[in-house]
Amino acid sequence: MEAQAKLKALRVAPRKARLVADMVRGKPVGLALDTLKFVNRSASMPIRRLIESAVANAENNYGLNIDALFVKEIRVDEGPTQKRFRPRAQGRAFQVHKKTSHVSVVLAEK
């Protein structure tokens, strides 16, 4: 049995969020949450909350044992990009791409 949770349009670039996701892939849930608590990255708190949501889904919807759960799959995909403009010299404009991420987590029992 598997439980999952999704986070859409996280305002962190996918490349940066994948660094955090790679730290917890395949780990038991307790160890993954402890790891994310002390990681100094902007994506660590939203991914930690996402894993907590998946744990709650596993417990309430499927009746799974929380102590036996591990992060089976965590995927970070690219979301929509917001395009903004910054003023530059001589009346020019410079385009800024604010990237977003879609993160999905699948937890399974050992």
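Derivation of every value follows stated rules applied to the coordinates shown; laboratory data play no part. What you see is a predicted model; the values in this text were computed from it and never measured. Neighbour counts run over all protein chains shown; Cβ positions are idealised from the backbone, glycine included.
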Roughly what angle does helix 14-24 make with the longest principal axis of the chain, taking Cα atoms, 0 to 90 degrees, to the nearest 10?
20
Name all residues of segment 94-110 having a backbone nitrogen under 17 Å from the label point set 7 Å from the Cα of MET1 along its Cα→Cβ direction, giving them as ranges.
106-110
Add -39500 (n - 2.57) for each DSSP H run of 4 or more in the chain, then divide by its residues: what number comes out at 222 nm, to the nearest 500 deg cm²/dmol?
-11000 deg cm²/dmol
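Can you list, largest first and rounded to whole Å, the semi-axes you get for segment 2-109 by taking the square root of 5 times each eigenvalue of its Cα gyration tensor? Before the final figure, lay out the partial values.
Working: eigenvalues 233, 35, 17 Å².
Largest first, segment 2-109 gives 34, 13, 9 Å.
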Work through the residues other than ASP34 whose Cβ is under 11 Å from its Cβ and net out their charges, Lys, Arg +1 and Asp, Glu -1.
+3
Taking the chain as the reference, fit the longest principal axis to its C-alpha atoms, fit the long axis of helix 44-62 to the helix C-alpha atoms, and give the angle between the two in degrees, 0 to 90, nearest 10.
40
Rounded, prolate or oblate: pick one for segment 5-52, where a ≥ b ≥ c are the square roots of the eigenvalues of its C-alpha gyration tensor, a/c under 1.5 means rounded, and failing that, prolate if a/b is larger than b/c, else oblate.
prolate
